[in-house]
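The values are calculated or read from the model by the stated rules, or taken from the named source; none is laboratory data. If you're wondering where the values come from, they're calculated on a predicted model, not measured in any experiment. FYI the Cβ positions are ideal-geometry reconstructions off the backbone, even for glycines, and counts take in every protein chain you see. Protein only, heavy atoms only, side chains kept; ligands, DNA and RNA dropped before computing areas. Shrake-Rupley method; radii C 1.70, N 1.55, O 1.52, S 1.80 Å.
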Amino acid sequence: MTLAELNMLDARRFVATLGGVFEHSPWVAERAYASRPFESIDALHRAMVETVQRASEAEQLALLRAHPELAGKAAVAGKLTAESTTEQASAGLGACTPEEFAQVNELNRRYHERFGFPFILAVRGLDRRRILAEFARRVERERDVEFREGLAQVARIARLRLEALLGTAT
């Protein structure tokens, strides 16, 4: 699909096309629809990110909670979205050693217990070692810092998904 084609869609089809860009949160696409037409992927992404920034803290928290844990229960059970499956597989998270898997599980537990939402990281281009190091570093942060970082990572993931969907980086 091209950006021009996307701009021509009615609201229902626009949301159906972009509803998964922000994990299980079609409300972002629904609200961004009013900002059409988009001159570039940058403009589309900016409108979607600004939608999240204008959302209530409860909506932002729900957005963070909509993301799966890295190499967590949903991944093991095969219940990730297609996008999350591809992203986690590209980082080698499906090939963790038993020791790495135990470390990820413990970090997931600690992180969720401390912050109330899953650890979110745009993993494309990162290897397991870098992901684990970032996980260990971030689990020690303050909640407000990590809340903002989680939203920033969600925005980065969304950008990568938009580029994959629309086929070009602009």
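Placing dummy labels 7 Å off each Cα toward the beta-carbon, the span from THR2 to VAL145 is 4.7 nm.
For segment 118-170, what class follows from the C-alpha gyration tensor (a ≥ b ≥ c being the square roots of its eigenvalues): rounded when a/c is under 1.5, otherwise prolate if a/b is larger than b/c, else oblate? Because a/c hits 1.5 or more and a/b fails to exceed b/c, segment 118-170 counts as oblate.
What FRET efficiency do you get for GLU50 and GLU106 if R0 is 45 Å and r is their Cβ-Cβ distance, rounded to the nearest 0.05?
On the way: r = 36 Å, r/R0 = 0.80.
Computed FRET efficiency for GLU50 and GLU106: 0.80.
Accessible area per residue (1.4 Å probe, heavy atoms of protein chains only) ranks THR97, THR51 as THR97, THR51, with the largest value leading.
Computing the accessible area with a 1.4 Å probe over protein heavy atoms, can you report the carbon and sulfur percentage for segment 18-58? Provide the component values of the computation, followed by the final result.
Values: 950 of 2020 Å².
That share works out to 47 percent.
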